[in-house]
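Structure, as structure tokens:
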Amino acid sequence: MHDGVEFIADVAALTGLLGDPYESVIRKVQPRLEEHARNWIAESPFCLLASSDGAGNADVSPRGDKTGFVKVLDDRTIVVPERPGNQRYDTLRNLIVNPAVGMLFLIPGREETLRVNGRARLVAKAPFMADLAVDGKLPKAAILIEIDEVFFHCAKAFRRSGLWRHEEWPDRDVVPSLGAMMRDILAIDVTAQVIDDDLEAGYRATLY
């Protein structure tokens, strides 16, 4: 399977192949949130949260809500509400045994992103939970993150992918609906439409 494959096994080989980072790329990393990072988080309705378990098995979870749903408590601390999901709790289980997290904050239409790395703890009750409520519904839990480093990431990945360019989006029919995919994966003897309708009903009933 790996015949003819040359792996990169150490940092020296990596930098020898790709080069050293520019000084500005190193210097832009900050140990706390400054004004621009705070503003970015306040305008972001979507982020990705990476974690891993005690054995190093990694996971990435999407988190989305109304703009500014991640709250800045101070320049070293942010909190992410835990909304109803698929009941797997992959991220939460990971954080119990390994607090290290990495986050990527997106703003629709902007090709740059904000990266935040730190250590997380799960919270069941706290004074700030009231600030995380939506339509009077408090989250049952939240993720409190103490920041180790924060920095802005350039636009190259989004520029290459054309993610925000509508004219480059594929037709929705190119990939089957989630209902169709789940029917095939689980070998369920129902139509894809039935599964899609059930999923949509669940979204409407348990979004918060």
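The values are calculated or read from the model by the stated rules, or taken from the named source; none is laboratory data. These numbers were taken from a predicted model, which means no experiment stands behind them. Methodologically, a virtual Cβ is constructed for each residue, glycine included, from the backbone with ideal geometry; neighbour enumeration extends over all protein chains shown.
Quick notes on this structure:
- All positions within the stretch 83-128 that are of a type in the set (Asp, Glu) and surrounded by fewer than 18 Cβ atoms within 10 Å (Cβ to Cβ): Asp90, Glu112
- Contacts under 8 angstrom Cβ, first residue in the stretch 152-177 being free of Cβ contacts under 8 Å to residues at least 60 places away in the same chain, partner part of a loop (DSSP other than H, G, I, E, B) and loosely packed, with under 10 Cβ neighbours inside 10 Å, 6 or more apart: Trp164/Gly109
- Any hit, the stretch 142-150, residues being surrounded by 15 or more Cβ atoms within 10 Å (Cβ to Cβ), not hydrophobic (A, V, I, L, M, F, W, C) and not assigned by TED's automatic domain parsing to the domain that holds Ala37: no
- Restricted to helices (runs of 4 or more DSSP H) entirely inside the stretch 104-208, those with at least 3 residues that are modelled with pLDDT of 95 or more, within 22 Å of the chain's Cα centre (by Cα) and basic (Lys, Arg) are 156-161.
- Taking the stretch 76-103 as the range and being closer than 16 Å to Asp59 by Cβ, outside any strand (DSSP E or B) and within 15 Å of the chain's Cα centre (by Cα) as the test, the residues that pass are Gly85, Tyr89, Asp90, Thr91, Leu92, Asn94, Leu95.
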